[in-house]
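The values are calculated or read from the model by the stated rules, or taken from the named source; none is laboratory data. Computed from a prediction, not measured in an experiment: that's the story for all the values here. Cβ placement follows ideal geometry from the backbone for every residue including glycine, while neighbour counts extend to all protein chains displayed. Ligands, DNA and RNA are stripped out before the accessible areas are found, and what is left, the full protein with its side chains, is counted by its heavy atoms. Shrake-Rupley method; radii C 1.70, N 1.55, O 1.52, S 1.80 Å.
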Amino acid sequence: MTRNQFSSGLESANLVVTSDPVHQAWSAIEKQKQINPNAEPTLCNVIQESNLTIIAFGNPLDSLQGQESLVSSSTLKASSFTDFEFLSNKSNESFSVNQAAMKLFRSNYDELNQKKTELTKLSESSLIIITGQSMGGTVATLFTLWLLKEPDLLKTKRPLCITFGSPLVGDEHLRQCVLQFTTLKSCFLHVVVSNQDPARKLFVTQYSGAYKPIGSFLLCSSSGCACSEDQNLILEQLMTINLQNGENQDSNCEWHYGQILEELKRKALFNRSTRFIEGETDPLQASIITQLLAIGVLAQQQPGTEMKILIGRMKKHETELLIQKKKNSGSDRKLNKMKTCLALFEWYRKESNILNVGYYDMYKKQCNPSDINVNEYKKRLWNFWEDSVTEAENKPQLEGAPFMVRWLWAGTNYRRMVEPLHIAEFYKKSGARDYKNGGKRPKHFILLEKWLKKKETEKPKPKRQMPATVTEDSCFWAEVEEAIILCNLLQNGESITDAEKITYKEDLKKFEDYVWDVIDNYTVCPDIFLAKGTFMRWWKEYKGIVGSSYSSQLADYMNTRTYLKYT
């Protein structure tokens with residue numbers, strides 16, 4: 001498994017260098033340099049080819065030396081520039097980006113905003129590539145991050161950012177912000193001639209180590225190439241190369257990537273593989289050395305002291321990656337275990353129907369032996385989802401929901417099965433009122449519902465044709481309990497004022513409309529109509545208040561006993 005990490009990096013690199021986007025991106029950069037060579041240089045140009053749109057950023061800085069300074073997002077926010085605030089989250093409320101790149105971005109804001117507007121109007125079939133070389137690549141990265149703020153663009157025309165010899169764009173906090181978005185991580189490919197391009201050493205020296213990589217990297221040399229998505233490994237390699245090569249190269253020289261990309265493409269097409277390692281018994285180390293030879297970091301199979309240190313660090317990173325993978329798989333196993341716990345609630349609900357009591361009312365009475373097990377599993381599920389939601393809350397919400405779809409629906413099932421039982425416990429207390437709007441509802445239920453609604457807004461669900469097996473509004477029973485309280489106040493409230501009576505009746509009418517809506521849309525479970533249940537108790541009390549001659553959609557439905565056909 002560890003061996004595949006590096007061998008797959010070599011294979012992925014061959015796929016990349018033989019694919020069209022990288023070559024199209026470099027071609028666009030070459031064209032960008034040729035557009036109006038005697039005119040005032042522009043930051044970027046749009047190149048349209050059939051269903052492909054490429055925005056190529058130039059390198060407008062005369063010198064990259066001395067441009068390593070960072071500016072924090074909090075400083076930008078203080079100056080009323082908040083366009084990148086959507087990246088921040090509770091764990092990383094502030095991040096830093098390259099000041100020179102941000103200055104270029106802001107000074108060309110109107111032009112870039114126009115480009116963004118044009119991109120959103122493209123057809124869904126249009127492909128978008130954002131590219132740039134050297135500092136132009138850094139601005140291209142910022143522009144791509146900015147584009148991803150637009151939800152419609154993200155869903156239909158997700159851009160691909162391909163840079164060449166680009167200095168790094170931001171610090172560890174920016175990297176962590178980007179890592180929270182699975183969508184963002186797949187949008188960036190940085191092509192670097194690892195041991196020759198002078199621009200690649202900028203912002204990763206031992207003196208400016210605050211910069212961290214984001215996205216995937218294609219490291220190249222005349223010997224071969226390798227892809228990597230592990231930012232820690234990439235940083236280790238780039239920093240070691242800098243120390244090994246010293247400061248002799250002119251950082252303002254732009255390396256011509258077209259020649260080396262064509263050579264690598266030719267090698268890949270003719271299956272000219274990288275050299276094999278002989279005599280190496282450690283498969284992980286052999287894979288690492290093979291990759292370093294391919295990208296030109298190693299000139300010979302026997303590494304020197306600096307390379308041995310790098311190889312050791314790379315092995316350490318790989319070990320940590322495996323531990324993280326096991327942790328993630330462990331999290332998935334725990335989710336599956338929680339689904340097993342939730343299955344008990346389904347059996348409990350079926351048992352309540354057999355006893356003709358109803359899920360909510362059986363738990364509220366707490367007179368069944370099954371209640372003991374339900375309480376135990378309810379606590380386990382509560383702790384798991386409360387922790388999971390708290391962790392997800394610290395992540396950005398750009399992708400429509402913090403959870404992957406599988407987790408979001410599992411959390412929704414949990415909320416719909418468990419919150420009614422929590423409501424039952426709440427209203428058993430004397431004087432309990434206003435669960436939903438009085439600050440009594442647990443936060444993780446609120447967030448799970450909020451995230452589901454946001455997901456459903458992106459893709460509206462069709463109207464149900466059959467009754468729900470579990471009531472979709474997990475606060476339905478809180479609404480019923482509040483309606484019963486209003487009925488009691490109207491029936492026994494000699495001390496209430498006439499104005500309060502009017503208000504209470506208006507609130508009951510709103511509840512009646514709400515009930516008819518959930519019945520008409522089949523979003524409530526049939527067990528609400530069980531004769532001895534809390535909902536039917538409310539209906540009898542409400543009917544006594546409005547009178548037997550009262551007519552409405554719900555009243556007619558209930559009085560004619562049409563609800564018996566609801567199932």
Worksheet, complete the sentence: For VAL46, the net charge from surrounding residues (Cβ-Cβ under 10 Å; K, R +1; D, E -1) works out to 0
Discussion item. Taking 35 Å as R0, compute the FRET efficiency from the Cβ-Cβ separation of ASP513 and THR120 and round it to 0.05.
Written reply: 0.35
Fill in: Extended-chain gain in nm, criterion 0.36 nm per residue less alpha-carbon gap, THR75 and ASP556
166.9 nm
Worksheet item: For labels at ASN413 and LYS454 in the simple 7 Å Cα→Cβ model, what's the distance in nm?
Response: 2.3
Practice prompt. Along Cα→Cβ, 7 Å out, is where each label goes; now give me the distance between the ones at GLN259 and SER19 in nm to one decimal.
Written response: 2.7
Worksheet entry | Accessible surface, segment 446-567, averaged per residue in Å² (probe 1.4 Å) | 55
Worksheet, complete the sentence: Computed from the beta carbon distance with a Förster radius of 25 Å, FRET efficiency for SER94 and MET404 to the nearest 0.05 stands at 0.40
Response to the item:
The long-range amide H neighbours of CYS161, using H built 1.01 Å from N in the peptide plane and a cut-off of under 5 Å, are ILE130, PHE188, LEU189
Worksheet item: By average Cβ neighbour count within 10 Å, what is the ranking of 431-440, 350-359, 92-101 from highest down?
Response: 92-101, 350-359, 431-440
Discussion item. Per 0.36 nm of contour for each residue apart, how much would the distance between VAL546 and TRP347 grow if the chain were fully extended, relative to their Cα-Cα spacing?
Written reply: 67.8 nm
Discussion item. Which residues among segment 347-378 fall inside the zone where the amide N is under 11 Å from a point 7 Å beyond the Cα of TYR566, along Cα→Cβ?
Written reply: none
Worksheet item: Simple spin-label model, 7 Å along Cα-to-Cβ: ASP434 to LEU489 in nm?
Response: 1.0
Worksheet, complete the sentence: Ordering 128-139, 46-57, 542-553 by per-residue average of other C-beta atoms within 10 angstrom, highest first, gives 128-139, 46-57, 542-553
